[in-house]
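Please read the structure below before turning to the comments.
Computed from the coordinates by the stated procedures, all read-outs in this text should not be read as laboratory data. Bear in mind that the values here come from a model prediction, so they are computed numbers and not experimental data. Because the Cβ atoms are built from the backbone with ideal geometry, glycine has one as well, and the counts that use them run over all protein chains shown.
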Amino acid sequence: MIFFSDFDGTLTKEGRELTREFFDILDVIKNHNNELVIVSGRSLSWGHFFLTHFPLSACIMEGGGVILYVDENGEIVQEPLVPQSELDRLNAFTTNLKNHFPNIPMSADSFGRLSDRAIEFHLMEPELIKEVEDYMSLHKINYSKSNVHINFWAGEISKYLGVKKFMAKFRKDLTEEQCWFFGDAPNDQSMFESFYNSVGVSNIHHCLNDLTFKPRIILEGPENAGPKGVLNYIKNLNKRPID
Ligand SMILES: [Mg+2]
């Protein structure tokens, strides 16, 4: 089984804290020969951190814009999932955006991003957020909100497209129905929309009304918030007899 999972708020407590449950998840996955693939809006440099510090062999970063994996020589390979022309268009747009909105709080890790950029929206007034979003739409730049950022990009990028490309490249033996996804926020909606086994950890209730597409399974109660919910769910799945 493969477990795809968002990181902030899903594998971390309240989007801030890496708790004991995260390491318990890694243990359960290892003991049952499962695989964990983190699918996050964080930058590709975070992906390098994940692959060098945790027992993972691949992750999908920048909201589906880049796949990183460890090759047969133990080297980390990073592959953008959009053409160079879209990366160039994003670069040019970001320069224009910063000229148009000089005080826009770009995320500190924007310099380490390849296929998208990010803005610290919690530092912005709602009117300015709306203006920035309208400016992006006008220039055919896509965007979405995670727990922490407004991410924006050029071209077709989504967590679901990233997962589909990952499966086509690495796990043709598995169907989507044999895999699971965990998430907690609007930037997980492409997975909730298209991936059958989608699970929302219970803290997703904070933003459920903002979602156009909801997960098929929604966990309940504080005992199923963030990594606690993921841990309980994968433990139960591994208890089930194999069909
Ligand atoms: Mg999240």
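Observations on the structure shown:
- Looking across VAL163, VAL132, one residue alone is among the β-branched types (Val, Ile, Thr) and without any contact (Cβ under 8 Å) to a residue 40 or more places away in the chain. It is VAL132.
- Test for GLY63: is it within 15 Å of the ligand (Cβ to nearest atom), small (Gly, Ala, Ser) and surrounded by 14 or more Cβ atoms within 10 Å (Cβ to Cβ): yes
- Qualifying residues in segment 192-204 (those that are of a type outside the set (Gly, Ala, Ser) and within 21 Å of PHE22 (Cα to Cα)) - the one surrounded by the fewest Cβ atoms within 10 Å (Cβ to Cβ): ASN197
- Set PHE93, PHE4, PHE111: member being of a type in the set (Phe, Trp, Tyr) and closer than 17 Å to TRP180 by Cα: PHE4
- Of all residues in segment 205-233, those being surrounded by 19 or more Cβ atoms within 10 Å (Cβ to Cβ), touching a strand residue (DSSP E or B) at 6+ places or on another chain (Cβ under 6 Å) and of a type in the set (A, V, I, L, M) number 1.
- Filter result (in contact with a Lys or Arg (Cβ under 7 Å, 6 or more places away or on another chain), within 19 Å of LYS235 (Cβ to Cβ) and part of a helix (DSSP H, G or I)) within segment 25-74: VAL28
- Residue match in segment 169-189 (condition: small (Gly, Ala, Ser), on the phi < 0 side of the Ramachandran plot and more than 11 Å from the ligand (Cβ to nearest atom)): no
- Of the candidates ASN103, ASN99, the single residue that is part of a loop (DSSP other than H, G, I, E, B) and over 16 Å from VAL148 (Cα atoms) is ASN103.
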